[in-house]
1. Could you list, in sequence order, all residues of the stretch 242-268 that are in a loop (DSSP other than H, G, I, E, B) and open to solvent by less than 80 Å² (accessible area, probe 1.4 Å)?
2. Inspect all residues belonging to the stretch 40-61 and state whether any of them is under 30 Å from Val230 (Cα atoms) and in contact (Cβ under 8 Å) with a residue 24 or more places away in the chain.
3. Would you confirm, using the coordinates I've provided, whether Val80 is under 17 Å from Gly337 (Cβ atoms) and either modelled with pLDDT of 95 or more or open to solvent by less than 60 Å² (accessible area, probe 1.4 Å) (or both)?
4. Return the residues of the stretch 391-412 that are open to solvent by 10 Å² or more (accessible area, probe 1.4 Å) and under 23 Å from Gly74 (Cα atoms); say none if nothing qualifies.
5. Can you report the number of residues in the stretch 357-390 which are of a type outside the set (A, V, I, L, M), outside any helix (DSSP H, G or I) and either more than 16 Å from Gly228 (Cβ to Cβ) or open to solvent by less than 20 Å² (accessible area, probe 1.4 Å) (or both)?
6. Residues of the stretch 135-148 being part of a helix (DSSP H, G or I) and buried (at least 24 other Cβ atoms within 10 Å of the Cβ), which ones?
7. Can you tell me which residues in the stretch 3-28 are open to solvent by 60 Å² or more (accessible area, probe 1.4 Å), part of a loop (DSSP other than H, G, I, E, B) and not small (Gly, Ala, Ser)?
Amino acid sequence: MQKTPLIVQSEAYLEGAKRGVRYLEQLSDRQVQPELSRLQQLDRSLPEAGLPLPNILDTMAGIGGEGTVASAAGRYFGYVIGGALPAASAARSLLSAWDQIADSLTGPSVVQMEKTAISWIVELMGLPKGTNGAFTSGATMANMALIVTARDVLLARLGHQRGAGLIGAPRLRIVAGREIHATVLKSLRMAGLGTQDIEWVDVDDQGRMKLEEVPELDERTLVLAQAGNVCTGAFDPFEGLAEKCRAANAWLHVDGAFGLWAKLSEEVGFKPKGLDGADSWVVDSHKTLNTPYDSGLALCRHPEEMQASMAIGASYLPAADPNPADRAPEFSRSARGAETWAALLSLGRAGVVEMVDRFHGHAKRIAADVSALGFTVPHDVHFNQVFVTLPENEDACAQITEHVQNSGEAWFGPATWQGKTGFRISVSNWATNDEDIDRLIAAIAKAKAEIVG
């Protein structure tokens with residue numbers, strides 16, 4: 001009896017899942033650094049006839065698997081890349097079988113999961129009632145969606161109609177801290193707003209905007225702040241910024257891709273205030289919450305304005321209330337918010353707080369341990385970021401970083417911050433445990449001993 005197409009598809013799905021399971025089972029024991037020697041075998045001529053599925057999957061799992069960075073393992077500390085919680089990974093597997101588009105007509109159940117996940121995050125973060133938004137492919141697109149919204153609102157206040165374009169539009173002012181993340185600047189450019197005329201605000205020795213140096217604001221001003229400096233994890237002074245913006249009718253936007261989650265921690269040494277006074281916020285679930293890529297989230301206290309800027313209409317599209325595409329740049333996309341729904345449901349409020357606190361605890365321990373090895377951490381540990389340098393021999397930091405990477409024991413990347421050269425360690429993986437930290441510190445100690453003595 002001939003197999004139906006869906007039976008063939010289900011068997012193929014199972015074959016892929018089996019190889020994924022084998023990959024995860026050996027991940028803790030393999031080196032973090034990828035093996036690149038066989039990658040050239042993936043670059044081949046397209047065959048005239050298609051290959052059998054087992055051959056394709058074996059090549060992917062064998063050669064391709066070797067060429068992955070073990071970022072899902074607990075010893076990866078590069079950038080701010082979390083792992084994937086079990087519930088979120090399982091949800092992705094189920095969702096790939098469903099193959100749903102995040103649309104109320106073609107994927108009503110996943111849209112409901114996304115809406116619920118957004119409401120949970122708004123509640124967890126203590127954001128203003130009525131705040132809403134949409135999932136995007138990442139923090140960059142979330143920033144872009146909200147900056148476009150802010151741009152349109154500010155221009156409308158100046159009498160420039162939404163949709164009229166930027167040619168001949170009134171000039172807007174952009175105020176930002178000197179250490180705002182590069183993706184925010186990219187989002188500005190994509191929104192048609194130049195970065196050359198930004199009114200830069202100097203930062204303090206933690207990377208926070210100096211409130212006293214913020215220029216006088218007005219109703220044509222967009223203020224770009226951040227919750228989570230990429231090197232130190234520090235928060236800008238939101239309470240004062242919110243007061244200034246409210247008084248001037250300026251728009252306050254917060255890039256909190258990984259750092260906004262620190263608001264939930266009961267262990268961090270500060271209690272961020274004033275975040276609820278902003279107009280828009282960016283969160284990234286794949287970072288601190290540990291959902292799979294891609295899970296950016298754009299949140300706005302004025303969702304009707306966001307919808308006015310992002311909504312799409314066509315004769316074949318019936319009215320919906322509203323569709324995810326009406327609040328995000330992408331029209332069709334996967335139901336990535338359902339993975340966030342699953343992750344939050346698996347953790348509960350207490351589990352989210354515990355995980356955030358654990359990241360912070362690991363970061364504090366790393367800072368203390370590298371300091372004991374003779375390194376310097378020139379900032380307070382605000383959340384999960386640790387910038388490390390060696391004042392008497394900064395040039396050795398790059399060699400130490402490369403040594404640890406090549407050892408396969410752990411992975412972190414080089415960084416520069418406020419004129420200092422060093423490396424940055426980011427703790428954002430649910431799988432990281434005390435043994436992983438032990439191996440990280442031992443690898444750093446060994447590298448320092450061999451390179452510096």
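The values are calculated or read from the model by the stated rules, or taken from the named source; none is laboratory data. Quick caveat: nothing in here was measured; it's all calculated off a predicted structure. Heads up, the Cβs are rebuilt from the backbone with ideal geometry, glycines too, and the neighbour counts pull from every protein chain shown. The area values use the complete protein model at the heavy-atom level, side chains included, leaving out ligands, DNA and RNA. Shrake-Rupley method; radii C 1.70, N 1.55, O 1.52, S 1.80 Å.
1. Just the residues of the stretch 242-268 that are in a loop (DSSP other than H, G, I, E, B), to begin with: 249-250, 256-258, 265-268.
Across the stretch 242-268, the qualifying residues are Asn249, Ala250, Gly256, Ala257, Phe258, Ser265, Val268.
2. Taking the stretch 40-61 and keeping what is under 30 Å from Val230 (Cα atoms), we get none.
No, the stretch 40-61 contains no residue that is under 30 Å from Val230 (Cα atoms) and in contact (Cβ under 8 Å) with a residue 24 or more places away in the chain.
3. Values: under 17 Å from Gly337 (Cβ atoms): no; either modelled with pLDDT of 95 or more or open to solvent by less than 60 Å² (accessible area, probe 1.4 Å) (or both): yes.
For Val80, the condition - under 17 Å from Gly337 (Cβ atoms) and either modelled with pLDDT of 95 or more or open to solvent by less than 60 Å² (accessible area, probe 1.4 Å) (or both) - is not met.
4. Residues of the stretch 391-412 that are open to solvent by 10 Å² or more (accessible area, probe 1.4 Å), as a first pass: 391-395, 398-399, 402-403, 405-407, 409, 411.
If the condition is that a residue be open to solvent by 10 Å² or more (accessible area, probe 1.4 Å) and under 23 Å from Gly74 (Cα atoms), then Ala398, Gln399, Glu402, His403, Gln405, Asn406, Ser407, Glu409, Trp411 are the ones that fit.
5. Taking the stretch 357-390 first, the residues of a type outside the set (A, V, I, L, M) are 357-362, 364-365, 369, 371, 374-376, 378-380, 382-385, 387, 389.
In the following step, the residues that additionally are outside any helix (DSSP H, G or I) were identified as 374-376, 378-380, 382-385, 387, 389.
The next check asks that each one be either more than 16 Å from Gly228 (Cβ to Cβ) or open to solvent by less than 20 Å² (accessible area, probe 1.4 Å) (or both); those that pass are 374-376, 378-379, 382-385, 387, 389.
Number satisfying all stated conditions: 11.
6. Within the stretch 135-148, Ala139, Ala142, Asn143, Met144, Ala145, Leu146, Ile147 qualify.
7. Lys3, Thr4
A quick yes/no check of all residues on (1) assigned to a helix (DSSP H, G or I); (2) surrounded by 17 or more Cβ atoms within 10 Å (Cβ to Cβ); (3) of a type in the set (S, T, N, Q):
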{"position": "Ala90", "(1), (2), (3)": "yes, no, no"}
{"position": "Leu94", "(1), (2), (3)": "yes, no, no"}
{"position": "Asp103", "(1), (2), (3)": "no, yes, no"}
{"position": "Met113", "(1), (2), (3)": "yes, yes, no"}
{"position": "Ile118", "(1), (2), (3)": "yes, yes, no"}
{"position": "Lys129", "(1), (2), (3)": "no, no, no"}
{"position": "Gly133", "(1), (2), (3)": "no, yes, no"}
